[in-house]
Amino acid sequence: MTELIDKLEKDGILSKEEFVSLLKNRTTDDEKYAAQKARSIADSFFGNKIYLRGLIEFTNYCKNDCLYCGIRRSNTKAERYRLTKDQILECCSSGYELGYRTFVLQGGEDPYFTDERMIEIIRSIRAVFPDCAITLSIGEKSEESYRAYFAAGADRYLLRHETATVQHYEKLHPKELSLENRINCLKTLKRIGFQTGCGFMIGSPYQTPENIANDLIFIHELKPQMVGMGPFIPHAQTPFADNAAGTLRDTLFLLSLVRIMEKNVLLPATTALATIDPKGRELGILAGANVVMPNLSPVSVREKYKLYDGKVCTGDEAAECRRCMEKRLNSIGFETVVSRGDYIGGDYAAY
Ligand code: SAH
């Protein structure tokens, strides 16, 4: 299968049939080959530097009912919380002290956070931390809302497409939600000028190699600046409680393929990956990732922002997370940088 991996590097894309064949037939040697190639491409853009994003999980109220997600509205056992603007700003301040220059505000789709409230929060962060990037991850909104957030000072937006296959999308979501709207949101975000991230879970229920091939082709066509990918992990209070989690092997291989395909894309080694394996983040970086997103949320709410069971790092203060991350990265020859870590265009010079 190494010819297909070489072809992916050279052409930046494969046909659907080729992706499916690669996903189904690759050996562990092929995975190693892909990881080495992915790492050397990442090295050519970022060297041994890893970008840090401080994740602030500011609300776990959600009006949606995605079947895989622990904070879906039907989960009556979830203990709901919201952070105040001042609490969010405090998270940013402690993050800033620790060297974070990107704050990611993530939450459920919480109607309490109207555009007016979001704009006020974004403006305040922008005013106090002019040298930092503000990333939003708050779901599907109207073009008007996205434009207002951008005008208020938000720079980036994460909205995983979840799966690029309509039939699969419908198995993971209630009928009010559509893949069409999700994709329109992503296109709108890009058009407005956000550095935009799509992505999907590895091993989500009903996912087939054909679905994953569609995801890779979708990513290549959208040309996002960021791609978020982690294993699906079941949550006990969801309809998928008894489904198996995505595997380490599959997740690492897909990180490598996305790096080989999209070259300079910003690619995190996610908390979900760290949750399924104690060395998940390190292995993700060695497979081609170049971003980590430690938690800046107050420890008192960490356990409550539970999208899946077993989430790691819920007990550590921000400073402790930061130290732990540095140690982990150093152990594999990498280090974090104090910078916004924006998407860089340009050539894949080493190629
Ligand atoms: N409400 C926002 C943020 C969602 S949470 C939005 O709609 O974009 C961020 C991501 O967590 C989701 O996009 C999803 O891909 C992932 N996620 C949700 N439940 C998960 C689970 N059980 N296992 C792994 N990842 C999950």
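The values are calculated or read from the model by the stated rules, or taken from the named source; none is laboratory data. As the structure is a prediction and not an experimental result, all values here were calculated from the model. Neighbour counts are summed over all protein chains in view; Cβ atoms, including those assigned to glycine, are modelled from backbone coordinates with ideal geometry. To get the accessible areas, we keep the full protein, side chains included, count just its heavy atoms, and leave off ligands, DNA and RNA. Shrake-Rupley method; radii C 1.70, N 1.55, O 1.52, S 1.80 Å.
Miscellaneous remarks
- Qualifying residue in the stretch 302-319 (condition: touching a residue at least 60 places away in the same chain (Cβ under 8 Å), open to solvent by less than 40 Å² (accessible area, probe 1.4 Å) and farther than 30 Å from T163 by Cβ): yes
- Pairs meeting the criteria (first residue in the stretch 225-244 and under 20 Å from G139 (Cα atoms) and within 10 Å of the ligand (Cβ to nearest atom), second residue of a type in the set (S, T, N, Q) and assigned to a strand (DSSP E or B), beta carbons under 9 Å, at least 6 apart or on different chains) are G228/S137.
- The residues of the stretch 55-83 that are open to solvent by less than 40 Å² (accessible area, probe 1.4 Å), charged (D, E, K, R) and farther than 27 Å from Q207 by Cα amount to a single one, E57.
- Evaluating Y33 against the criteria (1) in contact with a Ser or Thr (Cβ under 6 Å, 6 or more places away or on another chain); (2) within 16 Å of the ligand (Cβ to nearest atom) leaves one unmet condition, (2).
- Residue-level check: of (1) in a helix (DSSP H, G or I); (2) open to solvent by 50 Å² or more (accessible area, probe 1.4 Å), I5 misses just (2).
- Residues of the stretch 107-154 that turn out to be of a type in the set (A, V, I, L, M) and farther than 20 Å from L296 by Cα, as a count: 4
- Top-ranked residue of the stretch 203-224 - restricted to ones that are open to solvent by 20 Å² or more (accessible area, probe 1.4 Å) and under 18 Å from L307 (Cβ atoms), ranked as nearest to the ligand (Cβ to nearest atom): G203
- Options L248, L257; residue that is open to solvent by 30 Å² or more (accessible area, probe 1.4 Å) and more than 13 Å from the ligand (Cβ to nearest atom): L248
- Per the listing T188, T271, T275, T238, the residue uniquely touching a helix residue (DSSP H, G or I) at 6+ places or on another chain (Cβ under 7 Å) and modelled with pLDDT of 95 or more is T188.
- Set side by side, the residues S137, S124, S178 differ, and just one is within 16 Å of the ligand (Cβ to nearest atom), out of contact with any Gly (no Cβ under 9 Å at 6 or more places or on another chain) and of a type in the set (S, T, Y), which is S178.
- Taking the numbered list (1) closer than 30 Å to R323 by Cβ; (2) among the small types (G, A, S); (3) touching a helix residue (DSSP H, G or I) at 6+ places or on another chain (Cβ under 6 Å); (4) without any contact (Cβ under 8 Å) to a residue 60 or more places away in the chain in turn, S93 passes all entries but (3).
- For the stretch 271-292, the set of residues classified as part of a loop (DSSP other than H, G, I, E, B) and buried (at least 24 other Cβ atoms within 10 Å of the Cβ) consists of A287, G288, A289, N290, listed by residue number.
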